[in-house]
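These notes concern the structure reproduced below.
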Amino acid sequence: MAIDVRRRIAVPWPRKVTAGLARRVRSVPRSLALILFLGALLSLGWNIALPAFQGPDEDAHFAYVQYLAETGSLPAVAGNSPVSMQEHDALTYLNLFPLRGVLEARPAWSAADLRYWTAIEHTLPSGARSDGYAGNAVASNPPLYYAVMSVPYLLFGWLPLLKLIFVLRLFNAAFYLATIALVWVIAGDLFGRERWKQTLAAGVVALEPQVGFMSAVINADKLLIALITAFLLASLRVVMRGPTTPRVLTMTFLAAAAALTQGRGLVTLPVLASTLVVAWIRFRPQIVQALRQLAGAAAALGCALLFYLKFGTPGGAAYGGQASALNSGAGFNVRQFLSSVYQFYLPSLPDMQPRLGPAYGYRQVFIETFFGAFGWLEVRFKPRVYDLLQVAAAIGLVGFYTACVLRWRSRLRHAWPQIVVMLSLLITSVAFLHYVSYRSLLNTSGAEPLIVGRYLLPIVSLFGLAVTYTIGSLPRKLSAVAGAVVLAAGVLLSLTAIGITAVRFYA
Amino acid sequence: MRRLPGLRPSLAALGTATLATLVIAGVLIWFLPYLTVQRPVMTGVPASAAISAASEFAVSPHESACMQSVTIEANSHQIEFGVRPVTLGGAGGPPMEVILSAPGYRSVAHLVGGYPGGRAALAITPPANSVIGSACFLDVGKQKALLDGTSEARTMSRSPMVVGAQPVVGDIAITFTAAGTKSLLGQMGEVVEHASNLTDRLVPPWLIYVIAVLVLFGVPSSIVAAVYFALREQEGGSAAA
């Protein structure tokens, strides 16, 4: 038998890879490709509209990335050098520090200012990028996001600071695009390969203004959102297709990665446990197989924990931010906590103690700062926009409830494993935020409720899926019209958000 | 009355038309007035006011309060700041001179005495190009004046201040504005220039215009097209079923 050597040589591997990639790109559904393109445009728009360090805690997150990339070490929690000299000088001489959260302030934006800053940057000593070693406000965060962002930093670290931040934000946008694609896939798994529902779910997430905004901010939340969305997909596949070892391990690795990204990633652990229980109830695997999977999952989590303890803790608390409030400070009072949660959503009853802390509840977290509070929360839509969003959210909730009730017997009852997984993610996330908010209020004598709507973004996929389920339950034509209304609102809100942010900083 | 089959809008056409109509209506109703309404033009804020604890800086007769590293743009025609006399009532605040200077540039603005206190807006001569220099507030009267500002750490600007001959921690809140009013569309050149400067010119102004047009038209067009393809595929699937 003759071997066609010439034919083998004629197709070198790079071309094969390129051809494979091209095939894969061509196989991306057109609607998804368009939504990803839209997402890339929005992220680019946000990147320009938002000057350096004007996203929430962006100065601290960038300082963490910079120190890790420059030195290979993690910054310390306590100390007096939270950012590098380079970053400190940029914050000072470009007036970017007093700009944070102060609506009347403007950056040093002129050509003369840029020349001034360039001259300063050129005279900085060689260690000016690597001396932000201690006192970083996010130093208690686990290191995964910062380690990932160190890669583009190392590639482009030679750029001047403002250019470097712009480039790092471009890389950051990949997490946003990944989230959109993952929501598309989840919608396909849940609703069947119905393009309209997949488009609606992915479109709703892409056009949620706060998600777009965060895509251009150097902040660990972006990776957390992508990882928790991926974790939801993996969990759903475990309960829908069966708990094979690769699926269980994938889900576990994603949970571990989320926990290594941000304290709020810990919410995946109870969901992981409930998913395994549901999968074993549904598929009843053999004891040996179940134990093997359990051991694999435990080993993966154990490795993540060991890795974190060995390399990922900068000293002091194991987690910072919201997670540090889990078990700290004043005593926990169950009655007061439940009353606090009740009053978060509903007006207080006559004999109730007033809620601890400021007037801060459903409207502020689920509407105002979930849909749109940009910059350091100071850039906002007009109040009537939030009024309309609150009305729309109420209509949506009623519609969602109605759709669930009407379809319970025919469809939903059979999808109980998926519902348990999604509900457990929703309940764990919201309960976690309420708990840490209550703890924080106790610890700060009611001054700091700690939570904002941005912290709900890791479960933004559930928001997109709920909207899609509600609208998808309508008659076909009504569904097309209602979906169009929701997406049009998303477009207008997203473009408005970029516009008002650019005006706030540059006009 | 029976409807002709050919005139029944398809699902894709219905969804796409609704989406496109709403976006266009929103742009016309919401965006256009915002972009075209005339408003004062801020040309620079060397130092903003305090957020929670306002500070006042006293300037004695024949003394001055000077801030360094103040940027004055070529389109700045007016300086705004808050000032009041030490004692309320009486003859009012002392006359002041505001002296802006930088290499090759000097402008002096006069505030007539006798004011009750509040926000002052004085005309200045702008420099030919944007410059970085100093802004001095000279008390040319016979009593002290109090200038509004901040000494909060989080609102302090880059500009060091000297009152009399003493360095003082804090800033006088200063805003520069242009002559007259402009719409946001009319300010687009400056907005784009500022944005470009804050990327260290990595994104030049012309590219910002391109990106702005892409975002403004690309985002709505992409979602309209995505909805069209999705609903058309849905229709195809339903028909096949």
How far apart, in nm, are two points set 7 Å out from the Cα along the Cα-to-Cβ line at A:Gln286 and at A:Trp13?
3.8 nm
Least to most buried among B:Trp30, A:Trp13, A:Trp46, by other C-beta atoms within 10 Å and fewest first, runs A:Trp13, B:Trp30, A:Trp46
Can you compute the radius of gyration and Dmax for the range A:362-453, using only the Cα atoms, both in Å?
16.9, 50
Enumerate the helices in chain A for which the Kyte-Doolittle hydropathy averages 1.0 or more and the C-alpha atoms extend at least 20 Å along the helix's axis, using complete DSSP H runs.
A:30-49, A:161-191, A:221-241, A:245-259, A:268-283, A:287-307, A:383-407, A:416-443, A:476-506
Suppose each label sits 7 Å from its Cα in the direction of the beta carbon; what would the A:Tyr342-A:Lys477 distance come out to in nanometres?
4.8 nm
Estimated inter-spin distance, A:Leu423 and A:Ala447, nm [label 7 Å along Cα→Cβ]:
4.1 nm
Please build a GNM for chain B, connecting alpha carbons under 10 Å apart, and tell me which residue among B:Val140, B:Val219, B:Val27 fluctuates the most.
B:Val219
Note on chain B: helices (DSSP H) long enough, at least 18 Å by alpha carbon along their axis, and hydrophobic enough, mean Kyte-Doolittle at least 1.0, are B:11-26
Dimensions (Å) - the range B:35-80, Cα atoms, principal axes, largest first
44, 29, 19
Taking Rh as the Kirkwood radius computed over alpha-carbon pairs of the range A:15-56 and applying Stokes-Einstein at 25 °C with viscosity 0.890 mPa s, one gets a diffusion coefficient in µm² s⁻¹ of 195 µm²/s
Of A:Val436, A:Phe366, A:Tyr469, which is farthest towards the positive pole of the protein assembly as shown's charge dipole, taken about the Cα centre with +1 and -1 on the beta-carbons of Lys, Arg and Asp, Glu respectively?
A:Tyr469
Going by average Cβ neighbours within 10 Å, how do the peptides A:86-92, B:221-227 rank, with the highest at the top?
B:221-227, A:86-92
In cubic angstrom, how much convex hull volume per residue do the alpha carbon atoms of the range A:134-263 span?
123 Å³
Under 14 Å, Cβ to Cβ, from A:Ala234 - net charge with Lys/Arg +1 and Asp/Glu -1
+2
Which of B:Phe217, B:Pro95, B:Ser183 sits farthest toward the positive end of the charge dipole of chain B, with +1 on the Cβ of Lys and Arg and -1 on the Cβ of Asp and Glu?
B:Phe217
Cα shape, the range A:200-255, gyration tensor, a/c 1.5 rule
oblate
How big is the convex hull of the Cα atoms of the range A:199-309, per residue, in Å³?
103 Å³
Here FRET efficiency (C-beta to C-beta, B:Ala17 to A:Ala359, R₀ 41 Å, nearest 0.05) is 0.45
Please give me, ordered by residue number, the trypsin sites (Lys or Arg not before Pro) of the range A:171-237 that lie in loop per DSSP and have at most 16 other Cβ atoms within 10 Å.
A:Arg193
Fewest first, what order do A:Thr250, A:Thr199 take by the number of other Cβ atoms within 10 Å?
A:Thr250, A:Thr199
Cα convex hull of the range A:125-179 - mean projected area over all directions, nm²:
4.7 nm²
Test item: A:449-462 mean partner chain Cβ contacts at 10 Å
0
Kindly identify chain B as rounded, prolate or oblate by the Cα gyration tensor criterion: order the square roots of the eigenvalues as a ≥ b ≥ c, call it rounded if a/c is under 1.5, otherwise compare a/b with b/c, prolate if a/b is larger, else oblate.
prolate
Based on the Cβ-Cβ distance of A:Phe171 and B:Arg106, what FRET efficiency does E = 1/(1 + (r/R0)^6) give at R0 = 35 Å, to the nearest 0.05?
0.15
Cα gyration tensor shape of chain A, rounded if a/c is under 1.5, else prolate or oblate by comparing a/b with b/c:
rounded
Based on DSSP H runs of at least 4 residues, each adding -39500 (n - 2.57), what is the mean residue ellipticity at 222 nm of chain B after dividing by all its residues, to the nearest 500 deg cm²/dmol?
-8000 deg cm²/dmol
Setting aside same-chain residues fewer than 8 positions from A:Lys197, which lysines have a Cα under 19 Å from its Cα?
A:Lys477
Work out the mean other chain Cβ neighbour count within 10 Å for the residues of B:174-184 and drop it here as an integer.
1
Taking each residue in B:200-212, count the Cβ atoms of any other chain within 10 Å of its Cβ, then average. What number comes out?
4
Relative to the Cα centre, what is the charge dipole magnitude of chain A, using +1 at the beta carbon of each Lys and Arg, -1 at the beta carbon of each Asp and Glu, and rounding to the nearest 20 debye?
2620 debye
Can you work out the FRET efficiency for the pair A:Leu306 and A:Val151, with r the C-beta to C-beta distance and R0 = 30 Å, to the nearest 0.05?
0.85
Most exposed first by the Cβ proxy, i.e. fewest other Cβ within 10 Å, how do A:Tyr146, A:Tyr345 rank?
A:Tyr345, A:Tyr146
Gaussian network model of chain B, Cα within-10 Å springs - most flexible of B:Val70, B:Val83, B:Val112:
B:Val112
Reduced to Cα centres, the span from the range A:144-209 to the range A:476-507 in Å works out to 19 Å
Length gain on complete extension for the stretch B:Val37 to B:Leu214, per 0.36 nm per residue less the alpha carbon to alpha carbon distance?
61.4 nm
Spherically averaged projected area in nm², based on the convex hull that wraps the Cα atoms of the range A:465-507:
3.3 nm²
Can you compute 3J(HN,Hα) from phi for each residue in the range B:55-66, using the Karplus curve 6.51 cos²θ - 1.76 cosθ + 1.60 with θ = phi - 60°, rounded to whole Hz and x for Gly and Pro?
10, 10, 10, 7, 10, 7, x, 6, 10, 9, 10, 10
Highest first, please rank the peptides A:421-432, A:210-221 by the mean number of other Cβ atoms sitting within 10 Å of their residues.
A:210-221, A:421-432
In whole angstrom, how long is each semi-axis of the equivalent ellipsoid of the range B:105-241, when you take the square root of 5 times every eigenvalue of its Cα gyration tensor and sort them from largest down?
53, 18, 16
Working out 0.36 nm times the residue gap between B:Ala153 and B:Thr125, then minus their Cα-Cα distance, what length gain in nm do you get to one decimal?
6.9 nm
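Values quoted throughout were computed directly from the atomic coordinates according to the rules given, and no laboratory measurement underlies them. Everything numeric here is computed off the predicted structure, so don't read it as measured data. Backbone-built Cβ (ideal geometry, glycine too); neighbour counts: all protein chains shown.
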